[in-house]
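See below for the structure under consideration.
Bear in mind that the values in this text are calculations on the coordinates, not laboratory data. Quick caveat: nothing in here was measured; it's all calculated off a predicted structure. Here Cβ is always computed from backbone atoms with ideal geometry, including for glycine, and neighbour counts include all displayed protein chains.
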Amino acid sequence: MRVVIREVLNVGGFFAGETVTLAAQPWPDGGPEQTVTIDDAALTNVIARHLLAPGMILELQFAGDRVEQATLLGAPDYAGLRTAWRQPPILPTPTPRVLSFRCPACKVWAAATGDPPVCAVCGAAAPHS
Ligand SMILES: [Zn+2]
């Protein structure tokens, strides 16, 4: 499922384990907030769990009620995305590649996937520059 972070409730340290606990809402439909705890090891492309921030959009895969994988898809602004996102390795390409962009459809800074690049959140094509 996809969620948007509403609040970061706790970043676990030594005693609480290496987890981050979030209040999150289903994206993009909204709905009741839920508390989600993510283990550090489940973060697939986040540099460090304490860099997660309100407004970021995550794709969550559950195994039972445990989060098995959490992938950062987008953030409210460029700086937030670039701070937290471990971007895929940049391969040499003949033309400049779009790595992230402000998606006009979902109005977040989205990680770009694919070629031609599309929004990781909603799949809309990146605007041509
Ligand atoms: Zn989008």
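Here are a few things to note about the model shown:
- Helix-derived mean residue ellipticity, 222 nm - over the chain, DSSP H n ≥ 4, -39500 (n - 2.57), to 500: -1500 deg cm²/dmol
- For ILE47, the residues whose modelled amide H falls within less than 5 Å of its own, excluding neighbours fewer than 5 places apart on the same chain, are TRP85, ARG86.
- Shape category assigned to region 27-70 from the gyration tensor of Cα positions, a/c cut at 1.5: oblate
- Computed FRET value (nearest 0.05) for HIS50 with THR93, which takes r as the C-beta separation and R₀ as 35 Å: 0.60
- Each Lys or Arg adds one and each Asp or Glu takes one away; over the other residues whose Cβ falls under 10 Å from the Cβ of ARG2, this sums to -2.
- Charge context of ARG49, other residues only, Cβ under 11 angstrom, K/R +1, D/E -1: -3
- Modelled FRET efficiency - R0 22 Å, ARG66 with ASN10, Cβ distances, 0.05 increments: 0.85
- Translational diffusion of the chain, µm² s⁻¹ [Kirkwood Rh, Cα pairs; Stokes-Einstein; 20 °C; 1.002 mPa s]: 142 µm²/s
- Highest mean first, the peptides 61-72, 17-28 sorted by other C-beta atoms within 10 Å per residue fall in the order 17-28, 61-72.
- Neighbour net charge for LEU72 - beta-carbon separation under 12 angstrom, K R +1, D E -1: +3
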